[in-house]
Every structure is written in structure tokens, then in C-alpha cells.
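Everything on this sheet refers to the single structure shown next.
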Amino acid sequence: MRAETLTRIGLRTIALGYLGLLLAFPVGYILYETFAPGVGAVWDSVTTPAAISAFWLTLTVTAIAVPLNTVLGVLTALSLVRGRLGRSRARPLIEAVLDLPFAVSPVVVGLALVLVYGRTGWFGDELATAGIQVIFSLPGMVIATVFVCLPFVAREVMPVLREIGDEQEQAAATLGATRWQAFRRITVPSIRWGIAYGVVLSTARAVGEFGAVSVVSGKIGGETITLPLLVEQRYQNFDLAGAYAASALLAVLALGTLLALTLVNPRKDH
């Protein structure tokens, strides 16, 4: 066997072993511990009022945050690649701000939102007078989730926009198409898979977000506890079986997202 073949096999073995130790083994262990007490016990754990409330709240936050993040991400990508922002000197600064959620701890994000929208924050008095509660309620959780998911769609769409160029849009404009028609019929079909992958990454992050949501939610039972917060609550209460069951439910949501992407993304011919 040639040295190149041995090297290739060795590198693959190391990579697979690394993934196994880092991902497959921990997830497999959680699933094992989840179903160790039996399927009935797992079902009872995930159908309690607290678990059902956390499940639907997680879906609600995700269903609001991901579409908002998708729209904002596409607009940001278009502005930085096709708009004047892409040619301005402020572009590096704007891209740095876009990547800020990658560099800042989610806990710091949650604290910043409390300082801005809390009762003693910058807009606390105005919001309280208007009867609007942001912190310790759904709006604050959505804002925190949108912030931590902000870069994903934009960073997936921007390289695609650079690769396809704007020649097709210019040709459509010469034929009398409006900007909206060119965007809907040419730009969106060209960047759809970039949007799809950005949505998957945003969904995964939104479903599993813990730090920022933990700060702004207040952890009010039955009202502002999402599935990740429920896992922590049950673990701290020494309900290991319940924590494992909630973790498995999170894993099912993540796998469902990946499966949905696989179903809508047919295999391309090479």
C-alpha cells in the first residue's frame, strides 16, 4: 500500500475519531440515558405542562426570530455586495458589527438588552408608560435570539451574490423589468440555497440558544422557559431523567431541521 493511501486513511480515521468523541459519543450517551428508564417514562417527562409550554415557546421564538433574521440577513447581504455600503469606507466597520454576535458572549448580549429595555434602562420608563414589557417576556427573548442569529443568513448569501454577479439583473433591466421583478425572478432563485443554509443555521442556533435568552427571560415557569432553560432547570433540580428527555427533544428538533433541508435540496447532478 502506497504512502499516500496510508496517509489518506490515517487522516480520515483521525477526523472520524475526532467527530465521534466530540459529537457522536456525547449525543449517543444522552439518547441512551434518555430511554434507559423506558419509553413510557420519557413520554411522561416530555408531556408535562412545563415541557409542553417550553416546547411551544421555543417554537414560537424560533418562528418569529428566524423569518426576521432571514429578511434582515438578505437585505444586509444585498447592501454590502450590491449597494453603496459595499463601496463605502465604512464597509469593514459594518461587517465587523455584523460579526459581533460571533465575538460577544450571549450572556453579555442579554445583559445589554436588560440595560437598554429593562425598567431601569434607557427606554424603561417610556416602555412601562406605554404598557410594553420587553424584558422577562416574549419580545425580549425574540430580540435576543435575532441578535445572536444575525450573521448566519447574511454570511451565507454574500458569497453567492459575489459569485453570480449582477449581469443577469442588468440584462433584465434593459428588457424593462423592474427592480422587484428582477429580484423576485432572478436574484432570489440564484441565492435560494444560500438562504436555505442560513435559515438552517439560524434555526439551530435559535432552538438551542441559552445564554442571552437566560438573562432576558427571567425564567418564569410556564411563561418564559424554553427547552434549553428547562434542561438546566431540571438538571439543577436533580431531575436527570427529565433533563435527558428535554435534551433529546432538542436533538429531535435539530434533526428535523436538517431533514427538512435534505428533502427540499435535491441532489444536484455533477
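The values are calculated or read from the model by the stated rules, or taken from the named source; none is laboratory data. None of these values were measured; they are calculated from a predicted model. Cβ placement follows ideal geometry from the backbone for every residue including glycine, while neighbour counts extend to all protein chains displayed.
Overview of results
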quantity: Residues (of a type outside the set (Asp, Glu), out of contact with any Leu (no Cβ under 8 Å at 6 or more places or on another chain) and surrounded by 12 or more Cβ atoms within 10 Å (Cβ to Cβ)) located in the range 37-46; calculated: 37, 41, 42, 45
quantity: Qualifying residue in the range 7-24 (condition: under 23 Å from residue 227 (Cα atoms), among the aliphatic types (A, V, I, L, M) and surrounded by 11 or more Cβ atoms within 10 Å (Cβ to Cβ)); calculated: yes
quantity: Unmet requirement for residue 195, which otherwise passes all of (1) touching a Leu at 6+ places or on another chain (Cβ under 8 Å); (2) over 16 Å from residue 113 (Cα atoms); calculated: (1)
quantity: Sole residue being over 21 Å from residue 208 (Cα atoms), out of contact with any Phe, Trp or Tyr (no Cβ under 6 Å at 6 or more places or on another chain), in a helix (DSSP H, G or I) and in contact (Cβ under 8 Å) with a residue 60 or more places away in the chain, chosen from 54, 41; calculated: 41
quantity: Residue among 193, 180 that is within 18 Å of the chain's Cα centre (by Cα), assigned to a helix (DSSP H, G or I) and at pLDDT below 90; calculated: 193
quantity: Only one of 111, 115 that is among the hydrophobic types (A, V, I, L, M, F, W, C), surrounded by fewer than 21 Cβ atoms within 10 Å (Cβ to Cβ) and in contact (Cβ under 8 Å) with a residue 24 or more places away in the chain; calculated: 111
quantity: Options 93, 75: the member that is modelled with pLDDT of 85 or more, surrounded by fewer than 11 Cβ atoms within 10 Å (Cβ to Cβ), out of contact with any Leu (no Cβ under 9 Å at 6 or more places or on another chain) and of a type outside the set (Lys, Arg); calculated: 93
quantity: Near pairs, Cβ below 9 angstrom, 6+ apart or cross-chain, from the range 246-258 (in contact (Cβ under 8 Å) with a residue 60 or more places away in the chain) to any residue that is crowded, with 20+ Cβ neighbours inside 10 Å and charged (D, E, K, R); calculated: 246/234
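Rundown of residues vs (1) surrounded by 16 or more Cβ atoms within 10 Å (Cβ to Cβ); (2) part of a helix (DSSP H, G or I), yes/no style:
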site: 134; (1), (2): yes, no
site: 140; (1), (2): yes, yes
site: 147; (1), (2): yes, yes
site: 150; (1), (2): yes, yes
site: 153; (1), (2): yes, yes
site: 156; (1), (2): yes, yes
site: 161; (1), (2): yes, yes
site: 173; (1), (2): no, yes
site: 176; (1), (2): no, no
